[in-house]
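These notes concern the structure reproduced below.
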Amino acid sequence: MESGKTNKDNERASGADVVKLLRLGYKREDLPGNLTKAEAERMAAARPHGRGKSLSPVWTVGLISAVLIGTILLVWSQDSSDTSSEQQTKFEKQTQEELERMEAVLNLSELEKANLEKAFITSNDAFIQWRDTKGKELNKLKGKVEKFSKTRNVSGALKSIDQAAPAFKSMNQIMKQHRILVRDALSPSNQIAWNAHQVSEELLKYMDQLALTEKQLEQIHEVSMVQASESNNKKRPLLTAFNGLEKQVEKTVLTSEQRQAYKDIKEANPLRNIFLFL
């Protein structure tokens, strides 16, 4: 390392760094193609309060789509060399692990356990079929997406995302159907308890560095149950419950210091509830 230089001078800026600069009012063309973390911090410090602007709807949709395509392509590329039997073994293992987690969180009846097993088998079969068809289409786009990502060609990336729309739509349907199958396999009280567990775990991923006390963790669990119950019949129960939980926890559970710290965490993770949109 050259004298006087830090790791940040050589480390490339992350997506969160770029999003923060955009929220501060910088335009995409203002950002150098090889933006480093140190440069991003200097630019942010030069405009501490921004211009009062938030991400436009176009940027929001683009970022959400980029995260989705990156995630699904990653899943596909990691296992693309597996045989069908190896894939099936992995899915069966994942199913068992998920069932064990649900058994640890919920008080499941034997009927619920049997129905959940059927639900996971159905979803796994659908996912394998998707990978053998639509997944291969997405894999062909992987090189283009990586190229556009490196050169920060937004229009090219969005064009590739548009081309992938049918595959995403079919995957979205599989995920929605899976949630319906799991939901229908549970009793009404366990539906609420499972939703509460999912949204509280999602929130705690981001609040992990706030040094929460045992009492605060208990309060978050209690609030998650209330929010899950109130949102149970909403169009997007998980997303609604998460947003309600986050707002209530910030207001009534966190200390003033924790609230300020979490404000910074939210700014660095504007898409923290992205998977709850599905």
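What residue, of VAL249, VAL223, is aliphatic (A, V, I, L, M) and closer than 23 Å to PRO188 by Cα?
Working: VAL249 fails: closer than 23 Å to PRO188 by Cα.
VAL223 is the lone residue from the list that is aliphatic (A, V, I, L, M) and closer than 23 Å to PRO188 by Cα.
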Six or more apart or on different chains, Cβ atoms under 7 Å: show the pairs whose first residue is in the stretch 201-213 and closer than 20 Å to LEU238 by Cβ and whose second is of a type in the set (Ser, Thr, Tyr) and part of a loop (DSSP other than H, G, I, E, B). none
Residue that is farthest from ILE265 (Cα to Cα) [pool: residues in the stretch 182-229 that are out of contact with any helix residue (DSSP H, G or I) (no Cβ under 7 Å at 6 or more places or on another chain) and acidic (Asp, Glu)]: ASP184
Exactly one condition in (1) among the acidic types (Asp, Glu); (2) modelled with pLDDT of 60 or more; (3) farther than 27 Å from ARG183 by Cβ is not met by ASP125; state its number. (3)
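Only one of these is over 21 Å from HIS197 (Cα atoms), exposed (fewer than 13 other Cβ atoms within 10 Å of the Cβ) and modelled with pLDDT under 85: SER77, SER84. Name it.
Details: SER77 fails: exposed (fewer than 13 other Cβ atoms within 10 Å of the Cβ).
Of SER77, SER84, the one residue that is over 21 Å from HIS197 (Cα atoms), exposed (fewer than 13 other Cβ atoms within 10 Å of the Cβ) and modelled with pLDDT under 85 is SER84.
The values are calculated or read from the model by the stated rules, or taken from the named source; none is laboratory data. Since this is a predicted model, take the numbers as computed values, not measurements. All Cβ positions, glycine included, derive from the backbone under ideal geometry; neighbour counts span all protein chains shown.
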